[in-house]
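Participant: Got a structure for you, written out below as structure tokens; questions coming shortly.
The values are calculated or read from the model by the stated rules, or taken from the named source; none is laboratory data. Please read these numbers as outputs of a predicted model, since none were measured by experiment. All Cβ positions, even for glycine, are placed from backbone atoms using ideal geometry, and neighbour counts span all protein chains on display.
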Amino acid sequence: MVLDAPRKPLHPLELPDPMPAPGHVLLQVRACGVCRTDLHIVDGELSRPKLQLVPGHQIVGEVVSGGERFGPGTRVGVPWLGWTCGECRFCLSGQENLCDRARFTGYDLDGGYAELVVADERYCFAIPDGYRDDEAAPLLCAGLIGYRSLRSAGDAERIGLYGFGSSAHIVCQVAVSQGRSVFAGTRAGDAETQEFARSLGAAWAGDALAGPPEELDAVIVFAPVGALVPAALRHVRKGGSVICAGIHMSDIPSFPYELLWGERAIRSVANLTRADGDEFLALAPTVPVRTEIERFALEDANEALDRLRGGALRAAAVLVV
Ligand SMILES: [Zn+2]
Ligand SMILES: [Zn+2]
């Protein structure tokens, strides 16, 4: 399924089989998760995708050939981080997620909305046993980047997750298993999502803009809604933090300095490192994280994106190939 230009639907196209370069694996795609970032790319909110592009960066596939790290038939995952330079100041300081020349799967490189994909084996992950292909796919971005966001919240005990979708439903399970209290913020009146959050152990679920009845230590904002940032600042205690986990957000409205005063902090979380992936994929089965998914056929990718755009998905959308 390819994107020819932003704001156009994807369309099915028969492409030549990709050939793995040295150090790359050719994968038969089994499942590919649909991420909000895919939607930002398709909707033209991120400025520089490769065109024409095969989107998709939560890929679970089986090695067909190539590389040395994984044998044929091995099940591996391909995440958003597809390549880094290894020599810039960020790569050399354990922050490869910020590499100036990083290439991203399903953005700079063709991704997993396809039957075949090639990937640099150094950036692939082994997939933990105990997850079906479709269940494992959302771990690869919703899970990984959600986990990085949770880690950047430090030891926050009372943690808000605003925008309770595919990432938050995973982070909620991890946070609860760590003994934290989760406060799930949704659109006002979204009783179904609020009930879903409570079923995963959230202590409170309600309107994110209004906020919970008690002060929080940190809030992770997953929804691409800038107005949630000053709202979340109102909800955190002195010294608390607001972490923006998405790659794109509508403008943040201006707000009185008083909301930031008291050593409150706002920060973003960008991309992932391979260390994040190794750590999270080892942790997930011990929680154990269970992913709630909604399956779509590959050729129904546009429908999956439409449902995500319209807020009509409760679970993580996964294309099953
Ligand atoms: Zn670099
Ligand atoms: Zn993603």
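Participant: Residues that are in contact (Cβ under 8 Å) with a residue 12 or more places away in the chain and within 19 Å of ALA275 (Cα to Cα): list the helices (runs of 4 or more DSSP H) wholly contained in the range 132-184 that include at least 3 such residues.
Facilitator: 142-152, 166-177
Participant: Let me ask something additional. Return the pair list, or none, for Cβ contacts closer than 9 Å from residues in the range 54-70 that are within 20 Å of GLU299 (Cβ to Cβ) and assigned to a strand (DSSP E or B) to residues that are among the aromatic types (Phe, Trp, Tyr) and away from ligand 1 (no atom under 16 Å from the Cβ), at least 6 apart or on different chains.
Facilitator: VAL60/TYR131
Participant: Further, regarding this structure: Which count do you get for residues in the range 100-130 that are within 18 Å of the chain's Cα centre (by Cα) and either within 15 Å of ligand 2 (Cβ to nearest atom) or free of Cβ contacts under 8 Å to residues at least 60 places away in the same chain (or both)?
Facilitator: 13
Participant: Quick one: count up the residues across the range 208-235 that are part of a strand (DSSP E or B) and in contact with a helix residue (DSSP H, G or I) (Cβ under 9 Å, 6 or more places away or on another chain).
Facilitator: Of the residues in the range 208-235, 5 are part of a strand (DSSP E or B) and in contact with a helix residue (DSSP H, G or I) (Cβ under 9 Å, 6 or more places away or on another chain).
Participant: Another question, then. Being assigned to a strand (DSSP E or B), aromatic (Phe, Trp, Tyr) and not assigned by TED's automatic domain parsing to the domain that holds ILE243, is that true of even one residue in the range 106-121?
Facilitator: no
Participant: May I ask you to list pairs of residues, at least six apart or on different chains, whose Cβ atoms are under 8 Å apart, with the first in the range 259-272 being modelled with pLDDT under 95 and the second being among the charged types (D, E, K, R) and assigned to a strand (DSSP E or B)?
Facilitator: none
Participant: Among the residues that make up the range 77-91, is at least one of them more than 22 Å from the chain's Cα centre (by Cα), under 17 Å from GLU121 (Cβ atoms) and either more than 16 Å from ligand 1 (Cβ to nearest atom) or crowded, with 23+ Cβ neighbours inside 10 Å (or both)?
Facilitator: no
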